[in-house]
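What follows is calculated from the coordinates using simple rules that are stated; it is not laboratory data. Given the structure is predicted, the values throughout are model-derived calculations rather than measurements. FYI the Cβ positions are ideal-geometry reconstructions off the backbone, even for glycines, and counts take in every protein chain you see.
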Amino acid sequence: MPHRHRTFDPDAHMFTGRGSAVYDRLAPLLMGWLYNRVAADVAAANSIGLVVDLGCGPGHAAVRIARRNSAVEVVGLDPSPDMIQRASAKAESTGGPPRLRFEMGSSAALPFADASVALIVSSLSVHHWEDVPGGLAECLRVLQPGGEFWIYEPGVLMGREVERTVRRVVPALVPRPAFGRNTIRLGPIPVMVRMRLRRPPAA
């Protein structure tokens, strides 16, 4: 059965209305360490240009990325209007950098021109996509030659499932892609997998 892009479901209570408010309060308490890690990874990569946080939720990671990286413009995308409203309000109330903005959008149709994005990060999001191959194709479309897509997925098993899909699909979309992965641990416990997909540089 073919996959389909998941459109925003207003009945997905975790991501709308009161559910989005609860998510917004709990996310930095439970996952603040991950958001800090993503921002630190972006800083260590010395990225320049446009960085997209795909599936940004209420914006905790995107705000951290923008604050730690003065050489990038950061756009947070999420299909939930409530999440985007919360993210935008957070950036405004906390004096978020002017090079940070939030927009509604999803992997189904990224609102960027071809080869215009330096880096895409997605934390705890890809496993929600119904059409992972289609989303990967969109990400590769907008990435600059040499640009990268970093996927942070929870748990070893879920991370491996997403990684298998990425490694199976991407070589058919672009020639000579580069892959990397590392396990993120809290103490001795492996809790997260980061996958790195690099679009090949221009010949």
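If I take every Cα pair under 8 Å that is 6 or more residues apart in the range 13-198, average their sequence separation and divide by the length, what percent do I get for the relative contact order?
Relative contact order comes out at 17 percent.
Starting from the Cα of His128, move 7 Å in the Cα-to-Cβ direction to define the label point; list residues of the range 53-94 whose amide nitrogen is under 14 Å from there.
Hits in the range 53-94 for His128 at 14 Å: 53-62, 76-87.
At 0.36 nm per residue, minus the direct Cα-Cα distance, what do Ser70 and Arg176 gain on full extension? Give it in nm, one decimal, please.
Computed gain between Ser70 and Arg176 is 35.0 nm.
For Glu92, Glu103, Glu163, what's the fewest-to-most ordering of other Cβ within 10 Å of each Cβ?
Glu92, Glu103, Glu163
By how many nm would the segment from Arg168 to Ala109 lengthen if fully extended, with 0.36 nm per residue of separation less the alpha-carbon distance?
19.1 nm
Under a point spin-label approximation (7 Å from Cα along Cα-to-Cβ), what is the Arg160-Ala44 distance to one decimal in nm?
With each label placed 7 Å out from Cα toward Cβ, I get 2.4 nm.
Given springs between every Cα pair under 10 Å in a Gaussian network model of the chain, which of Met158, Met192, Met83 has the largest fluctuation?
Per the Cα network of the chain with a 10 Å cutoff, Met158 tops the list.
Using packing as a proxy for protection, rank 174-181, 73-80 so that the peptide with the highest average count of other Cβ atoms within 10 Å comes first.
73-80, 174-181
Where is the GNM fluctuation largest for the chain (alpha-carbon springs, 10 angstrom cutoff): Ile65, Ile189, Ile84?
Top of the fluctuation ranking is Ile189.
Under 5 Å between amide H atoms, partner at least 5 residues away or on a different chain: which partners does Ala178 have, H built in plane at 1.01 Å?
Counting only residues 5 or more places away or on other chains, the set is Arg198.
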